[in-house]
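Asks: Shown below is the structure under consideration.
Each value in this text was obtained by applying a stated rule to the coordinates, not by laboratory testing. Here the structure is a predicted model, which means the values were calculated and not measured. Neighbour counts run over all protein chains shown; Cβ positions are idealised from the backbone, glycine included.
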Amino acid sequence: MAEDDLDEIIAALETTGLYVHRSAASRLEPHEQAVIVDNLTALREAGAPVFVVVEDLSESGRFERNMDNLLALVHDEADQEGLYLDGLYLGTSYFYEPAYVEENGGPEYTLAERAWNPSEQLPDAYDALDVHVVEPELGPALVRLTEALAAHVSGGPADMAVWDDFQQEVRETREESYARTSGDGGGDGDGLGAGATTGILLGVVVLVVLVARALRGGRSSGSGTSAGTTRNGAFVLPPSALDLVRSARDAGVVTRGRDALLALGEAVDEAELTPKGDATSWQAALDHYDAARRVLRPEERADDVPLLDGVGGLVLAERGRAALAAALRGRAYRPSPPCLLNPLHGPGENVRDVEVAGERLHAPLCNRCRRDLKRGARPEILDVMVDGRPRHYFESGIEPWASTGFGALQPDLVGAVHRMRQR
C-alpha cells in the first residue's frame, strides 16, 4: 500500500469531508457532490464532523478490497500526521453489478460505518445508514443522508424532524421488505453486500440466507427428498440443493481468506523494516501469516477446508495486515476484536452484554449487529452445520474458534491456533 494513496484521501477529507475515487466517480453527479460537501461542511462547523469515502474497492483492487480496513487506515494515518480527524466515517462497502441491479431492482451499493469519538450531537440510532432501502442510487442517497444528519445537529425542532422522518421512512420501508421476503420464504435480504465475495453468484448468497432462516425456523418439506412448498407457501429446497448452496458459501469464504493471505504475503515481501519500525509488530505480522496459512491450507481444494477454518484464516490474515502496518509506522500492535456474533461483519467496535450458551458476556459487536439488537431484530449470526443441523458457531464446539470468538473473547488467536493444532 502506498502512503500516497492514503495522503490523497486524507487531503480530501480534511478540506471537504468527501473523497471520491475515479473507480466510482460516475456514480455521483457534480451537483450531488457539491450538495454533499455543503452538508459535510455544515456538520463540521457544528462540531459534528462526518467523513465520506466513495470508492469501488472491487474495481480499484486497493486496500484488500475492505472498506472497514480503509477507513481505519485513513484515521490512523491522519493521527500520525497530527490531523486528528475524529468523527463518523461512512464508506461504500460494496457495489452490485449493474446487470444484477437492473434485473432485481435493488440498490447499487451498501455503506460501511466506523466512528472515532463521534460528536454527541449526532443521532444515537443509525438505522438510516441503511439508506439504500429508500434511495437505491448512491448520489441521491448520500445527499439525503448528509442533509438529514446536518438537519439533526442544527438543533431546531423542525430540523430535528427531518432526521426523524427520514429514519422512520427507512425503518418502515425495511420492515415492509422483510415482510414481503418472509412471505416468499423467510429471508430478510438485508446487508448482503457486506458478506458478498468475488466468485460467488449473488443468487447463491440469497439462497444461503433463505435456507439458513428456513432451517432455524424449523420449516420442512415433509418428504425431505425433493423441492416443494409448505402449507404456508414457503419454498423448500431439497437436501442436495442445500448441500450445494452451503458448499458454495463455505468455499467462497475460504477463497476470500486465501486472497487476504496472499495479499499479506505480498505486502510482507514488499515491505522493509527501517530502524524506526517496530520489530515486535513485524514478528506479529509473520506469526499471523503462519497461523493463517496453517488453517487455510492453500495446498488443498477450497471446498475441503471447513467453513470456520476459512473464517479464522481470514481474521488472522487481516490481523496480520494490521500488524504489518503498525510495524512500518513504529507502533506496537494490539489486535482489534471482530464482531462476536459474526466475524465476517468486521470489527466489533460496540461493546454490549449478550447471552451466549446461557452465559452473559460483555462482547464486541459490529454496528450492524448492534442496530439489529437495538430494534429487536435477529442479528445475522455465523452458523455452521453440526451433525446435519445448523448451529451458531460459538455453540458448535469447534475449536479454537468457538471458545475464542475468533479473537473477540480471547485476543491471542495465534496462540489458540497453535495450541489447538498441537493436540
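Asks: Label point 7 Å out from ASP269 along Cα-to-Cβ: which residues of segment 277-299 have amide N under 17 Å?
Replies: It comes to 286, 289-290, 293, 298-299, nothing else.
Asks: Okay, next question. Mind running the shape call on segment 3-180? Use the C-alpha gyration tensor, a ≥ b ≥ c as the square roots of the eigenvalues: rounded below 1.5 for a/c, prolate if a/b tops b/c, oblate otherwise. The partial results should precede the final answer.
Replies: Details: a/c = 1.78, a/b = 1.09, b/c = 1.63.
Oblate shape, in that a/c is at least 1.5 and b/c is the bigger or equal ratio.
Asks: Taking a label point 7 Å from the Cα of SER26 along the Cα→Cβ vector, which residues of segment 139-156 have an amide N closer than 16 Å to it?
Replies: From segment 139-156, the list is 139.
Asks: Assign one of three labels to segment 247-421, namely rounded, prolate or oblate, based on the Cα gyration tensor with a ≥ b ≥ c the square roots of its eigenvalues; rounded applies when a/c is under 1.5, prolate when it is not and a/b is larger than b/c, and oblate otherwise.
Replies: It comes out oblate by the Cα gyration axes.
Asks: With a/c under 1.5 counting as rounded, go ahead and sort segment 1-63 into rounded, prolate or oblate using the C-alpha gyration tensor (a ≥ b ≥ c being the square roots of the eigenvalues; past the cut-off, prolate if a/b is larger than b/c, else oblate). Kindly include the intermediate steps, with their values, before the conclusion.
Replies: Details: a/c = 2.71, a/b = 1.42, b/c = 1.91.
Taking the square roots of the gyration eigenvalues as a ≥ b ≥ c, segment 1-63 is oblate.
Asks: Could I have the simple spin-label model distance between VAL386 and VAL101, label points 7 Å from Cα toward Cβ, reported in nm to one decimal?
Replies: It is 4.1 nm.
Asks: If each residue of separation counts as 0.36 nm, what is the full-extension length gain between ALA161 and SER60 once their alpha-carbon separation is subtracted?
Replies: Answer, rounded to one decimal: 32.5 nm.
Asks: Follow-up question, since we're still on this one. Roughly what would the spin-label model give for LEU286 and ARG331, points 7 Å off Cα along C-beta, in nm?
Replies: For LEU286 paired with ARG331, the spin-label model returns 2.2 nm.
Asks: Residue separation times 0.36 nm, minus the C-alpha to C-alpha distance between ALA377 and ASP412: what's the value?
Replies: 9.5 nm
Asks: Still on this structure, I have one more. For MET420 and ASP303, FRET efficiency with R0 = 30 Å and r from the beta-carbon atoms, rounded to 0.05? Let's see the in-between values first.
Replies: Details: r = 22 Å, r/R0 = 0.73.
Efficiency computed from Cβ-Cβ geometry: 0.85.
Asks: Loop-only check: which chymotrypsin sites (Phe, Trp or Tyr not before Pro) in segment 1-109 are DSSP coil with at most 13 other Cβ within 10 angstrom?
Replies: On the way: sites: TYR19, PHE51, PHE63, TYR84, TYR89, TYR94, PHE95, TYR96, TYR100, TYR109; in loops: TYR84, TYR96.
For chymotrypsin sites (Phe, Trp or Tyr not before Pro) across segment 1-109 that sit outside H, G, I, E and B with at most 13 neighbouring Cβ atoms in 10 Å, the list reads TYR84.
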